[in-house]
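Undergrad: This is the structure I have questions about; it appears just below.
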Amino acid sequence: MSLRETLLADLGRQYYFSEQIGKNPTMWRLFFSLFSPRFVPVILYRFSHSCYELKLTPLAKMLALINFVVFGLEIAMRCKIGKGLYLPHTQGTVIGAVSIGENAIIYHNVTFGAREIDLGYSGSARPVVGNNVIVGAGAKVLGGVVLGDGARIAANAVVIEDVPAGVTVAGIPARIVKQHEASKSV
């Protein structure tokens with residue numbers, strides 16, 4: 001999927017959650033989304049990650065720094081995130097996962113990262129997140145854990161073990177509190 005297609009899919013998710021269902025994301029509307037504080041961090045991340053993949057690391061770092069300074073979002077340029085990313089609020093969020101699947105919803109003050117200092121960005125020390133995952137405000141997902149598709153992480157939960165697909169976890173350490181029926185993505 002191209003950067004353009006990914007950004008349009010991200011914009012479509014913005015429309016969905018702002019109750020503009022049916023509004024068609026276009027390049028023209030993508031331009032006007034540059035004035036949305038909820039969507040600009042997603043755009044900055046997408047360009048940062050693309051620059052990283054093109055080995056334009058200084059430019060990738062500069063875009064990541066803008067996200068950090070302006071929006072309080074520290075997101076690793078090497079973290080691969082699927083289309084449909086939605087960040088309702090970004091302040092205090094740290095995203096240092098190996099990968100995050102499609103249609104992720106990540107609230108503010110969330111941390112995805114290693115349990116120990118990991119300046120080498122070791123993949124085995126960082127989370128892998130499935131598709132259609134929702135992570136509540138203040139949640140922490142630490143270490144080389146796997147969040148299954150459709151998992152929901154409650155606000156302020158601390159996840160230090162794998163989370164199966166289709167469940168909600170809560171608490172410190174997080175435990176399963178609900179099993180979901182097969183559901184559609186949101």
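Undergrad: List every residue pair whose Cβ atoms lie under 7 Å apart, where the two residues are 6 or more positions apart in sequence or sit on different chains, the first residue falls within region 11-30 and is of a type outside the set (S, T, N, Q), and the second residue, located anywhere, is open to solvent by 70 Å² or more (accessible area, probe 1.4 Å) and part of a loop (DSSP other than H, G, I, E, B).
TA: Close Cβ pairs satisfying both conditions: Tyr15/Ile21; Tyr15/Lys23.
Undergrad: Among the residues of region 88-115, count how many are part of a loop (DSSP other than H, G, I, E, B) and more than 20 Å from Arg13 (Cβ to Cβ).
TA: Residues meeting the conditions: 6.
Undergrad: Does Gly144 meet the test of being in contact with a helix residue (DSSP H, G or I) (Cβ under 7 Å, 6 or more places away or on another chain) and either part of a loop (DSSP other than H, G, I, E, B) or not hydroxyl-bearing (Ser, Thr, Tyr) (or both)? Break it down stepwise before answering.
TA: Working: in contact with a helix residue (DSSP H, G or I) (Cβ under 7 Å, 6 or more places away or on another chain): yes; either part of a loop (DSSP other than H, G, I, E, B) or not hydroxyl-bearing (Ser, Thr, Tyr) (or both): yes.
When the stated conditions are applied, Gly144 passes them.
Undergrad: Another question about this same structure. Kindly indicate whether Asp149 is touching a strand residue (DSSP E or B) at 6+ places or on another chain (Cβ under 9 Å) and of a type in the set (Asp, Glu). It would help to see each step written out before you state the result.
TA: Details: touching a strand residue (DSSP E or B) at 6+ places or on another chain (Cβ under 9 Å): no; of a type in the set (Asp, Glu): yes.
Spelling it out, it is not the case that Asp149 is touching a strand residue (DSSP E or B) at 6+ places or on another chain (Cβ under 9 Å) and of a type in the set (Asp, Glu).
Undergrad: Test Ala64 against the criterion of being open to solvent by less than 30 Å² (accessible area, probe 1.4 Å), more than 13 Å from the chain's Cα centre (by Cα) and not basic (Lys, Arg), and give yes or no.
TA: On the way: open to solvent by less than 30 Å² (accessible area, probe 1.4 Å): yes; more than 13 Å from the chain's Cα centre (by Cα): yes; not basic (Lys, Arg): yes.
Judged against the criteria, Ala64 is a match.
Undergrad: Of all residues in region 116-140 being part of a loop (DSSP other than H, G, I, E, B) and modelled with pLDDT under 95, which is farthest from Ile172 (Cα to Cα)? Write out each step before concluding.
TA: Let us first name the residues in region 116-140 that are part of a loop (DSSP other than H, G, I, E, B), namely 116-122, 126-127, 130-133, 136-139.
Of the ones still in play, those that are also modelled with pLDDT under 95 are 116-122.
Working: Glu116: 18, Ile117: 21, Asp118: 23, Leu119: 26, Gly120: 27, Tyr121: 25, Ser122: 25 Å.
Among those that are part of a loop (DSSP other than H, G, I, E, B) and modelled with pLDDT under 95, it is Gly120.
Undergrad: Return yes or no: is Leu7 among the aliphatic types (A, V, I, L, M) and free of Cβ contacts under 8 Å to residues at least 24 places away in the same chain?
TA: Taking the combined requirement at face value, the residue does not satisfy it.
Undergrad: Working carefully through the options Ala64, Ala60, Ala76, find the one that is within 18 Å of Pro127 (Cβ to Cβ) and either of a type in the set (Gly, Ala, Ser) or free of Cβ contacts under 8 Å to residues at least 24 places away in the same chain (or both). I'd like the intermediate steps shown before the answer.
TA: On the way: Ala64 fails: within 18 Å of Pro127 (Cβ to Cβ); Ala60 fails: within 18 Å of Pro127 (Cβ to Cβ).
Only one candidate qualifies: Ala76.
Undergrad: While we're here: Give the residue, chosen from Leu85, Leu44, Leu56, Leu30, that is more than 17 Å from the chain's Cα centre (by Cα) and either at pLDDT 95 or above or farther than 22 Å from Leu8 by Cα (or both).
TA: On the way: Leu85 fails: more than 17 Å from the chain's Cα centre (by Cα); Leu44 fails: more than 17 Å from the chain's Cα centre (by Cα); Leu30 fails: either at pLDDT 95 or above or farther than 22 Å from Leu8 by Cα (or both).
On inspection, the qualifying residue turns out to be Leu56.
Undergrad: Looking only at region 25-36, decide whether some residue is open to solvent by 20 Å² or more (accessible area, probe 1.4 Å), of a type in the set (A, V, I, L, M, F, W, C), part of a helix (DSSP H, G or I) and touching a Ser or Thr at 6+ places or on another chain (Cβ under 7 Å).
TA: Within region 25-36 (the criterion being open to solvent by 20 Å² or more (accessible area, probe 1.4 Å), of a type in the set (A, V, I, L, M, F, W, C), part of a helix (DSSP H, G or I) and touching a Ser or Thr at 6+ places or on another chain (Cβ under 7 Å)), the answer is no, since none of the residues qualifies.
Undergrad: Taking region 116-133, which residues are within 15 Å of the chain's Cα centre (by Cα) and open to solvent by 40 Å² or more (accessible area, probe 1.4 Å)?
TA: Residues satisfying the conditions are Val128, Asn131, Asn132.
The values are calculated or read from the model by the stated rules, or taken from the named source; none is laboratory data. Bear in mind the structure is a predicted one, so any value in this text is a computation, not a measurement. Because the Cβ atoms are built from the backbone with ideal geometry, glycine has one as well, and the counts that use them run over all protein chains shown. Calculation scope for accessible area: heavy atoms of the full protein, side chains included, ligands and nucleic acids excluded. Shrake-Rupley method; radii C 1.70, N 1.55, O 1.52, S 1.80 Å.
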